[in-house]
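Just below is one structure, and these are the notes that go with it.
The numbers here are math on the coordinates, done by the rules we state, and not lab data. Predicted model, so just to flag it, every value in this text is computed and none were measured. Neighbour counts run over all protein chains shown; Cβ positions are idealised from the backbone, glycine included.
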Amino acid sequence: MFDPGVWSIPGVSFWLKVIVFLAICIVTICLLNFKLINLNFKELIMIQKDIEHFKKILTNQLKELLIHAGNTVSGMITPKENLPDPADRATIDTDQNFKLLIRDRDRQLAVKISKALLRIENGTFGICDKCEEEIAFKRLEARPFTTQCIDCKTKEETYENSLGV
Ligand SMILES: [Zn+2]
């Protein structure tokens with residue numbers, strides 16, 4: 001298009017050349033835009049794939065927790081009457097308190113996981129509760145039920161530490 005032979009065709013007016021040049025520019029911009037749209041589309045598919053990935057992890061974690069909770073409860077049903085020694089009974093009590101503690105921790109985790117699965121359903125998964133920025137993929141890999149980005153979490157922890165909470 002910059003061949004002087006073409007551009008110096010007699011009879012082709014200056015304005016026609018300008019129009020052709022502008023048309024080429026518009027087409028180029030359109031092509032670039034299409035490329036951008038394609039890129040975004042690809043990203044969207046990637047995000048959808050990531051979400052499926054986290055949904056699988058969270059569902060499996062929840063299943064494991066529920067199985068574990070079931071085992072803990074069945075393990076707690078041990079008849080104390082069969083143990084005449086008070087020391088044995090005390091050991092069993094401590095053991096059961098420990099199991100209850102674990103169960104409470106598991107329950108809290110199960111709630112967090114359920115909430116994360118809800119966020120997947122309503123499309124807010126991976127978005128920080130505080131600053132509404134995206135939570136880093138690595139952080140989600142480590143803690144898929146997290147609700148805050150690392151910056152907000154660090155700020156919150158620093159604040160809590162300063163209060164001595
Ligand atoms: Zn944040």
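Summary of values
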| item | result |
| --- | --- |
| Simple label model, 7 Å out from Cα along Cβ direction - Glu134 to Val20, nm | 4.3 |
| Estimated dipole of the stretch 90-160 in Debye, rounded to 20 [Cβ of Lys and Arg +1, of Asp and Glu -1, Cα centre] | 180 |
| Calculated FRET value between Gln108 and Ala87, using beta carbons and R₀ = 41 Å, to 0.05 | 0.80 |
| Estimated FRET transfer efficiency (Asp151, Asp50; beta-carbon r; R0 30 Å; 0.05) | 0.90 |
| Cβ-derived FRET efficiency at R0 45 Å, Ile67 paired with Ile29, nearest 0.05 | 0.20 |
